[in-house]
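Q: Please see the structure below; I have some questions.
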Amino acid sequence: MHLAGEHLKRQIREEALRLGFADLGFSRATQLEGDAERLQAWLDAGHHAGMGYMANHFEKRTNPARLVEGALTVVSLLYNYKPAEPVLSERFPKISRYAYGQDYHDVLRAKLNALFDFIKRDLYPQLEGRVFVDSAPLLERSLAARAGLGWIGKNSLLIHRKLGSYVFLSELVLNLDLPTEDVPAYNDRCGGCTLCIDACPTTAILSGRTVDAGRCLSYLTIENKAADIPEEFAGKTEGWTFGCDICQEVCPWNRRPGAHDEPAFVPSAELLAMDVDRWRSMEQADFSRLFKGSAVKRAKFSGWQRNFSFAQVSCF
């Protein structure tokens, strides 16, 4: 059975790589030991800010088997999104690298469904399960680390030894019993480095590999639904208008990984041609056209305007 399972894993890996995934790993669909305590402490401290949903479905967040009946294995997959030319993150208004092209939820979900169909059709007709792309109460980074795909960095992101942290995480939770890695989720390869902590302009990165979301520029410019960004952060955005990559830009593990080759993640010519005057005069119709099918639409036009106006203080 073990040899058969390893053969199935190789076939799944080959198909996943063919579909464009950069790496994948396998872990048991069981309780994530220690994560319940860490999650509860983070919630109790109020570090989830306005993301009240993070307190929902607590048991499911720490045990993937509660999401899918009969689940035995979690397949964690990584997809590289590091751009060859990160110009949209280097000039005002700065956009996080993950949002350059089409919404990754849509791109990866199609690939996950294709992988699921392949396993069911060609490998295991009795397959049952679900696919997830940041779409369920799963502790994705902990699952990926347990599957041997890296470790949780001091900025709370998953870091892969070869890919760095510019990777999208996604999962298959399956009733297929496969050999798994199940390595400790908090192996530390950051050592004494504190570059990400030192570089964060809002001091959002805390000890214990956690982040105070209420101080994080990514939260403040995306998930934050308030009409205004708190004045204490005025002049500290460094031009970031949708998301923030500062803690990843300074990370030594992101220096060597190569760029992605996914056409869907390439920014449009119109987006690359935008200048400050065009951004300032942009209206709702322009925003909708420019970011059609993009994750940036999560902020909505009103949120973009709020962020743009606030971020100008850092640049002009």
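Q: Just going by the charge dipole of the chain, with Lys and Arg at +1 and Asp and Glu at -1 on Cβ, which of Ala49, Asn224, Ser294 is farthest out on the positive end?
A: Ser294
Q: Rg (Å, one decimal) plus Dmax (Å, integer) for the alpha carbons of the stretch 178-259?
A: 15.6, 52
Q: With a 4.7 Å Cβ cut-off, tell me which Cys residues in the chain come up empty for a partner.
A: Cys190, Cys193, Cys200, Cys216, Cys244, Cys251, Cys315
Q: With labels modelled as points extended 7 Å from the Cα through the Cβ direction, what inter-label distance (nm, one decimal) is found for Ser135 paired with Val276?
A: 4.1 nm
Q: Full-extension gain between Phe301 and Gln126, please, as 0.36 nm times their residue separation minus the C-alpha to C-alpha distance.
A: Value of the extension gain: 58.4 nm.
Q: If you plug each phi of the stretch 168-179 into the Karplus form 6.51 cos²θ - 1.76 cosθ + 1.60 with θ = phi - 60°, what whole-Hz ³J(HN,Hα) values come out, in order, with x for Gly and Pro?
A: So the Karplus estimates, Gly and Pro as x, are 8, 9, 8, 9, 10, 10, 10, 8, 8, 8, 10, x Hz.
Q: Sticking with this one: Looking at the chain, I'd like the Rg to Rh ratio, where Rg is from alpha-carbon atoms and Rh is Kirkwood's inverse mean 1/r.
A: 0.97
Q: I would also like to ask the following. How compact and how long is the stretch 124-217, expressed as Rg and Dmax of its alpha-carbon atoms in Å?
A: Rg, Dmax (Cα atoms, Å): 15.6, 52.
Q: How high is the FRET efficiency between Ala234 and Arg161 when r is their beta carbon distance and R₀ equals 41 Å, given to the nearest 0.05? Please list the in-between numbers first.
A: On the way: r = 38 Å, r/R0 = 0.93.
For R0 = 41 Å, the calculated efficiency reads 0.60.
Q: What Kirkwood Rh does the stretch 22-97 have if only Cα atoms enter the pairwise 1/r average? Answer in Å.
A: Over the stretch 22-97, the inverse of the mean reciprocal pair distance is 15.6 Å.
Q: Using packing as a proxy for protection, rank 13-20, 126-133 so that the peptide with the highest average count of other Cβ atoms within 10 Å comes first.
A: So the order, starting with the most tightly packed, is 126-133, 13-20.
Q: Per-residue counts of other Cβ atoms within 10 Å, averaged by peptide: what ranking do you get for 279-286, 246-253, 217-224, 267-274, highest first?
A: 217-224, 246-253, 267-274, 279-286
Q: Could I ask something else about it? Report the FRET efficiency, 1/(1 + (r/R0)^6), for Cys315 and Asn56, where r is their Cβ-Cβ distance and R0 is 51 Å, rounded to 0.05.
A: 0.85
Q: What length, rounded to one decimal in nm, is gained on full extension from Thr30 through to Val87, with 0.36 nm per residue of separation minus their alpha-carbon distance?
A: My answer for the length gained is 16.3 nm.
Q: Largest first, please: the extent of the C-alpha atoms of the stretch 90-157 along each principal axis, to the nearest Å.
A: Computed over the Cα atoms, the extents are 51, 28, 19 Å.
Q: Checking the a/c ratio against 1.5 first, then a/b against b/c, what shape does the Cα gyration tensor give for the stretch 195-315?
A: Numbers: a/c = 1.93, a/b = 1.20, b/c = 1.61.
Since a/c reaches 1.5 but b/c is at least a/b, the shape of the stretch 195-315 is classed as oblate.
Q: What pairs from Lys225/Lys297; Lys94/Lys300; Lys154/Lys300; Lys94/Lys225; Lys111/Lys154; Lys60/Lys292 go past 21 Å between their alpha carbons?
A: Lys154/Lys300; Lys111/Lys154; Lys60/Lys292
Q: Report the Stokes-Einstein translational diffusion coefficient (µm² s⁻¹, integer) for the stretch 55-189, Rh taken as the Kirkwood radius over Cα pairs, at 25 °C with viscosity 0.890 mPa s.
A: Translational diffusion coefficient: 152 µm²/s.
Q: Quick one: Karplus J couplings for the stretch 301-311, per residue in order, coefficients 6.51, -1.76, 1.60, θ = phi - 60°, nearest Hz, x for Gly and Pro?
A: 4, 5, x, 4, 4, 4, 5, 4, 5, 5, 6
Q: Further question: Among Tyr98, Gln284, Val266, which residue has its Cα furthest toward the positive end of the charge dipole of the chain, with +1 on Lys/Arg Cβ and -1 on Asp/Glu Cβ?
A: Result: Val266, furthest along the dipole toward the positive end.
Every read-out reported here was derived from the displayed coordinates using simple, explicitly stated rules and does not represent laboratory data. The structure displayed is predicted, hence computed values, not measured ones. Positions of Cβ are backbone-derived with ideal geometry, glycine not excepted, and every protein chain shown enters the neighbour counts.
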